[in-house]
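Take a look at the structure set out below.
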Amino acid sequence: MIGALDMLLLAALAAIPLSALFATTRSGRWLLVAAYAVQFGLLIMLQPATAAHSALSFQLLGNAVGWQMDALGWYFAVITIGSAGFAAAYAAGEWSEVNGRLGLSLRWLYAGLQINVLAMLLLLASGDFVSLFIGWELTSWAGLILMLLAGGDAIRASLRYIVYAIAGGMTVFAGLVITQAAVGSLQFDALHAAAPSLGTGRLWAIALLFILGFSVKMASMPFHLWQAPAYAYSPAPGSSFLGSISARMGLFGIALVAIKLIGLAQLDRLSLVTDLVDLRGLLTWVAVFTAILPTFVAMRQNDARLLLGWHGVGQGGYMLLGVIIADRLGSAGGLLHVFNHATYQAILLMAVFAVIHRTGTADLNRLGGLVTRMPLTFLAMLIGIIGLAGLPPMNGFVSKWMIYRALIVDGHPLLFVATVISTLGTVLSVYKLLHNTFLGQLRLEHEQIHEAPWSMTVPMLLLCVVVFVTGAAPGLVLQYVAAAQQAIGLEPVRYILGGIESPTGSLDMLWITAILFAGFGIGAVLFYLIGGRSRRVHQLDNYAGGHFLTADVRYQYSDNFYAGLMHRIRPWYRGSFEWTESALVSALGAASTLARGFFEQANPAQWVLVGTTVIMTWVMWYALG
Amino acid sequence: MNWAIGLVMFVGAVGLSVIGIAGMLMSNHLFRMVLALAVAEAGANLLLILAGYRWDAAAPILLPGHSTQAMVDPVPQAMVLTAIVIGVGVQALALSLVIRVRQHYATLDMRVARQRMQDALDQAAGVVPPRSQEGPAGERPLPAPTRTIEAGGPHD
Amino acid sequence: MTDVTLAVVLPLLGAFLLPLTAHRGLHWLGMLLGPALLALAALLLFATWTAFESPYAIALGGFAPPLGITFYVDLLGLLFALAVPLTSLLLWPGGSDEAAIRQQSLTLLLAAALTGMALSGDLFNLYVFYELAAVASYGLAASSATGPAFVAAFRFLLISALGSVVTLLGIALIYFKTGTLNLAHLATLSERLADPQGLAAFAMLLIGFGVKAELFPVNAWVPEVYAATGKRVAALLAGLASKLAVLAVVRILLLVFPHDEARQLLLLLGTLGVLSGELAAWQARDVTRMLAWSSIGQLGVVLVAFSLPGKAGLIAGVTVAMHHLVVKSALFLLADRWGGAVDRLKGAATASPLGAALFVLFALSLLGLPPLPGFWSKYLVLSGLAEAGSGMQHLALGVILLGTVIEGGYLLRIITRLYAAPERDIVPPAHRFPNLFASGLLALLLVAGAILIDPLWQGLNTLAASATDTQVYVQTVLGGKGITR
């Protein structure tokens, strides 16, 4: 009996060969966008309230392996298919034609996107540890397809990625076999049932291994180095898809294994040194540092894609923070932020790639003044950065507000201050992005630039609508967040259409939006009625000190942005993590040279004697001891 | 008296093996290495013989009329016979390889031969050897010698 | 029922007949003889496999064990024995010139010896077959008749021959303590060997047989021999010969030394092998030696798997060994044209898309991407290690996982080069058809393994149940039960 989940998985599977087949023509690509719509429809038909089981189940090596999708997986799946659909639509028109001519393999691009979606759906629908690991590894390797496509810098970045990803995967693998040894089964229920009776040593091992493994995908500190370049250098649709959702699979894993299966009560048993520090406390600080440091790394980037990539890492910290606090408001904020981040991050990356599509560069020192040339893209990026910075009325504000609120209510003032520092960095760096791309002086070579084609702007603007609507009426998403919270055994948030209702402080975005627009309206009326003495001039028509400036004179700085601030905080950028990583690689190289030295001996038989001697000594030692 | 001979035999067997193995490790001359191998094998064979030997028994050859006599355990002797045959075969093969190495590299020094082999393998694979090409002449890979060189290796 | 011995005899006969066909215009016969004999041997073994009901012993020459030499036929032995002619057939060196005939004759000799090793029930007989296989592999190592090949073969010979001397000393020690070399008889006397001297004897056997099993630390020959010979020979030695040597060690371990200390020793050496092999491969800059070192690491995993006690260990070991047999043979076949520097492989995928795709498939399976069989084999080993749960085993678990990460690093280095844009339009050559065909067959086998993993595992369960039961072995050989002729 084929259920709705099977239909979804089958559709995703069938779309892979179709993608490879149809990706080369424009109409074919729109057909593939329709295929995502079909998958989205099939997903919506699933009932998220009760877990949907797949008819597909195996008995493999003594383990029952099956798939089922509960509300948590469903929530992530909606974001996954949505991101993929928008990415596919964005690339369907002119973008693919231009890049296809430049040698990009469109078949691999679209097939890779669909493979990623299938792998993630398999992960999100996992019903036991074996299917979880299958989904996990497939997701890791599928991401590689999209990352490798661009060639050049992307290859180095993806090699780095895959080493991290395998390391994470193997850590999960270790967690899996140790769970089996401790619990005797690889079913989710078995761990859930046995967790209270496990000794702390075993529980530490299981929790730590799974969380570490999933953290690598999340790019939590100290595993954060790989993500920004790996996602940034992927081709546009790949980058926007990966940047939106891929890293969140780690969050899904943590929510599933740590929160749902092991459970908060058991997690709180895990403490170090006389209850001074416990695992959750440690993780909250990891999350906060992940929110801060990458954000300030992002501020230094001069490649718009990398800037956004580093923000993706930082925002992951907020989500982890919310989920680990795990109270009603915080966990809802963390989960909601997954959706919100996916929407505005997709907008921002699409806007940046639209600029690349027209100008050929994402170098923030070589752009500027494009606002009149690409107004729609500008509008999209503006809405995107308002979301990313967490300002009302966009949706990023809601989720961040919930996390702040939870931190204050639960009494974590230090964490709160830390997240505020992170937000400060976010605001500064997104302004840099907007300013250096769209504001300031127009470059002479960009004078003939015009707006990106509709096939690229329409998906962006649609996403802007989503960002705005879910910002003004977060209840639309919060109902699914509440269901997801329930699915992992947390108290669901009490939501209204406009936001949150709680005794410690409510939030109604409908009111806030209304007031904001009223304020904007009053400002606009004042400006146009009372002021309004403005005259349009050509962008290249510039004067300074009464002197005409020719267009090739660079008078408006974008290079060395925030020079004063950077001068103050420069000593903090030590590159300790880069240094540690390269030290580790060097150490591996040294060990490797040593191992090679072992094999490349002048006298081949030497080790026979040494081996015999060592073994004999061991035997003697054993005989005596 | 028998135990004294036995002791000598045992010490001899172990000693031969040790001498052989030590000789193989301490020498860099291909031919001597083969000889050392032969010595080590002789030691091992002797030990195997001793494992089944009885001093008060006759050789395990079945003759008419002597069937009741106590005999030495024939199994180890049969094995040693096999081992000797195998050993001779392996040594012959080793010697033929030594000749081939000498023909190709004009040396019987293991260190030189190994270096030449490494260089040849690296070159065939297109991997630049890690040693500096600007180093002193002795450090550089030597040009391949022709087969007519008479006094090639240092041990010839 | 003595037809199993023919699987040893026929290739052996062929090995000596084959050189005769070189001189008399009998090339067509020479071309046919080897494959035909191997196919016949495979058929014989397959017939035995399908007709198999319970293990039985064959007393060669009519002498009853423990005095005479026995062959012992059980599923474990048959599985490995069946792998021998099949793999040799797949890796058969074609051609009809003199050098090719020499190589074919040596391949037949190797096949005969390895089949003998799989079936032998006597320690000394095992040693003789091992030596025979060793001699054949020296010849194969030198078969490309270049300077490096001769040096590498000679160095291989030195290690291996010295190892044999150590083995012989070990056999002498065992004979001292027990007075027998029949494995079944030794199994009944295994308590006598449960002391340091017995352990020393095991260690000596391990070092001797370990040379071909690429056991740490007697595996220094591996990279140079594989780099210097043809890739088919490398595939034969790395894929097949090493597995049979492991089987010899496992038989000895199961029957003669069922002690924890012996397992610990195997575990330790296996772990060190994983570590040293994977580390050395990290810096290898040419594909052949990278694969060679990686094969040392993989064999380390095989040994770790077999060191696990009981059925679980045997199942895990057989799975890993068979997986490695398929994957490493195929990778070496694909490395035939791609054996040079990794950097020279840029753009190879455009010249040989199928070859590149197969390479990726095998590499992914080696890394353990589910649902490929490599994942399940790794899963069996790791869960066994986690379950056994002592500190040493947890260390081995960590080392194997670390090894996989390193392996991912260097295999991906190759794969990214394959799909990179070619540099200056120098495209690496495409594959020869026979190699592509053979590795394609192996890929089909791999995919079939992925689909049929559960039935295979159940089959392995029955195989392991009988193979780990020492009583069955002893009663079959010594109890006069089931002995034919």
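Just checking, how many residues over region C:371-411 are part of a helix (DSSP H, G or I) and farther than 20 Å from C:HIS323 by Cα?
The total comes to 10.
Filtering region C:366-382 down to residues that are under 12 Å from A:PHE173 (Cα atoms) and aliphatic (A, V, I, L, M), which residue is farthest from the other protein chains (Cβ to nearest Cβ)?
C:VAL381
Go through (1) more than 21 Å from C:TYR226 (Cα to Cα); (2) facing chain A (nearest Cβ under 10 Å); (3) buried (at least 23 other Cβ atoms within 10 Å of the Cβ) for C:ALA348 and report which single condition fails.
The failed condition is (2).
Would you say A:GLY546 is more than 11 Å from chain C (Cβ to nearest Cβ), among the small types (Gly, Ala, Ser), surrounded by 10 or more Cβ atoms within 10 Å (Cβ to Cβ) and over 30 Å from C:GLN197 (Cβ atoms)?
No, not satisfied.
Between A:LEU106, A:LEU113, A:LEU121, which is over 17 Å from A:THR25 (Cα atoms), crowded, with 22+ Cβ neighbours inside 10 Å and either touching a residue at least 60 places away in the same chain (Cβ under 8 Å) or not β-branched (Val, Ile, Thr) (or both)?
When all the criteria are applied, what remains is A:LEU121.
Looking at A:VAL553, A:VAL525, can you tell me which residue is in the same structural domain as A:GLN448 (by TED's automatic domain parsing), at pLDDT 80 or above and more than 30 Å from A:LEU424 (Cβ to Cβ)?
The conditions single out A:VAL525.
Quick check on this structure: which one of A:LEU540, A:LEU529 is more than 9 Å from chain C (Cβ to nearest Cβ), within 30 Å of A:VAL371 (Cα to Cα) and surrounded by 12 or more Cβ atoms within 10 Å (Cβ to Cβ)?
Within the list A:LEU540, A:LEU529, the selection yields A:LEU540.
So, in region A:41-81, how many residues would count as being small (Gly, Ala, Ser) and touching a His at 6+ places or on another chain (Cβ under 8 Å)?
Residues meeting the conditions: 1.
Pull up region C:385-442, narrow it to residues that are acidic (Asp, Glu) and within 30 Å of C:GLY270 (Cβ to Cβ), then point me to the one that is nearest to the other protein chains (Cβ to nearest Cβ).
C:GLU387
Any idea which of A:ALA20, A:ALA4 is in contact with a Lys or Arg (Cβ under 6 Å, 6 or more places away or on another chain), at negative phi and not hydroxyl-bearing (Ser, Thr, Tyr)?
A:ALA20
For C:GLU191, are the conditions met, namely being away from every other protein chain (no Cβ under 12 Å), of a type in the set (Asp, Glu), more than 29 Å from B:ALA42 (Cβ to Cβ) and surrounded by fewer than 24 Cβ atoms within 10 Å (Cβ to Cβ)?
It is true that C:GLU191 is away from every other protein chain (no Cβ under 12 Å), of a type in the set (Asp, Glu), more than 29 Å from B:ALA42 (Cβ to Cβ) and surrounded by fewer than 24 Cβ atoms within 10 Å (Cβ to Cβ).
Would you check which residues across region C:453-467 are under 20 Å from C:LEU78 (Cα atoms) and either within 14 Å of another protein chain (Cβ to nearest Cβ) or β-branched (Val, Ile, Thr) (or both) and list them?
C:ILE453, C:PRO455, C:LEU456, C:TRP457, C:GLN458, C:GLY459, C:LEU460, C:ASN461, C:THR462, C:ALA464
Filter region B:23-43 down to residues that are over 11 Å from the mean Cα position of the chain (by Cα) and closer than 20 Å to C:VAL218 by Cβ and give me whichever is surrounded by the fewest Cβ atoms within 10 Å (Cβ to Cβ).
Among residues in region B:23-43 that are over 11 Å from the mean Cα position of the chain (by Cα) and closer than 20 Å to C:VAL218 by Cβ, the one surrounded by the fewest Cβ atoms within 10 Å (Cβ to Cβ) is B:MET26.
Please determine, by comparing only the residues of region A:579-594 that are within 28 Å of C:PRO217 (Cα to Cα) and among the polar types (S, T, N, Q), which one is nearest to the other protein chains (Cβ to nearest Cβ).
Result: A:SER592.
Considering only region A:12-34, state which residues are under 22 Å from A:SER54 (Cβ atoms) and surrounded by fewer than 22 Cβ atoms within 10 Å (Cβ to Cβ).
Listed by number, the residues that qualify are A:LEU13, A:ALA14, A:ILE16, A:PRO17, A:LEU18.
Would you confirm whether or not region A:132-153 contains a residue that is in a helix (DSSP H, G or I) and in contact with a strand residue (DSSP E or B) (Cβ under 6 Å, 6 or more places away or on another chain)?
yes
Could you figure out which of (1) at pLDDT 85 or above; (2) farther than 25 Å from A:GLY611 by Cα; (3) surrounded by fewer than 17 Cβ atoms within 10 Å (Cβ to Cβ) isn't true of B:LEU93?
(3)
Can you name the number of the only condition in (1) without any contact (Cβ under 8 Å) to a residue 40 or more places away in the chain; (2) within 9 Å of chain C (Cβ to nearest Cβ) that B:ALA113 fails?
Checking B:ALA113 against (1) without any contact (Cβ under 8 Å) to a residue 40 or more places away in the chain; (2) within 9 Å of chain C (Cβ to nearest Cβ), the one that fails is (1).
Any idea which of (1) within 9 Å of chain C (Cβ to nearest Cβ); (2) over 23 Å from A:LEU267 (Cβ atoms); (3) of a type in the set (Gly, Ala, Ser) is the one A:ALA182 doesn't satisfy?
Going through (1) within 9 Å of chain C (Cβ to nearest Cβ); (2) over 23 Å from A:LEU267 (Cβ atoms); (3) of a type in the set (Gly, Ala, Ser) one by one, A:ALA182 breaks only (2).
Looking at region A:596-613, which of the residues that are over 12 Å from C:ASN219 (Cα atoms) and of a type in the set (Gly, Ala, Ser) is farthest from the other protein chains (Cβ to nearest Cβ)?
Per the criteria, the residue is A:GLY597.
Among the residues of region C:143-181, how many are touching a residue at least 40 places away in the same chain (Cβ under 8 Å), farther than 27 Å from B:PHE10 by Cα and within 7 Å of chain B (Cβ to nearest Cβ)?
4
Check whether at least one residue in region C:229-239 is in contact with a Lys or Arg (Cβ under 6 Å, 6 or more places away or on another chain) and touching a residue at least 12 places away in the same chain (Cβ under 8 Å), and report yes or no.
yes
For region C:328-345, enumerate the residues that are more than 11 Å from every other protein chain (Cβ to nearest Cβ), over 29 Å from A:THR171 (Cβ atoms) and not hydrophobic (A, V, I, L, M, F, W, C).
Listed by number, the residues that qualify are C:SER329, C:ASP336, C:ARG337.
Only residues that are under 21 Å from A:LEU123 (Cα atoms) and not aromatic (Phe, Trp, Tyr): list them for region A:231-249, please.
Scanning region A:231-249 gives A:GLY238, A:SER239, A:SER240, A:LEU242, A:GLY243, A:SER244, A:ILE245, A:SER246, A:ALA247, A:ARG248, A:MET249.
In region A:159-185, which residue that is within 19 Å of the chain's Cα centre (by Cα) and of a type in the set (Val, Ile, Thr) is nearest to A:THR200 (Cα to Cα)?
The residue in question is A:ILE166.
The values are calculated or read from the model by the stated rules, or taken from the named source; none is laboratory data. Just so you know, these numbers come straight off a predicted model, no measurement behind them. Cβ atoms come from the backbone with ideal geometry, glycine included; neighbour counts cover every protein chain shown.
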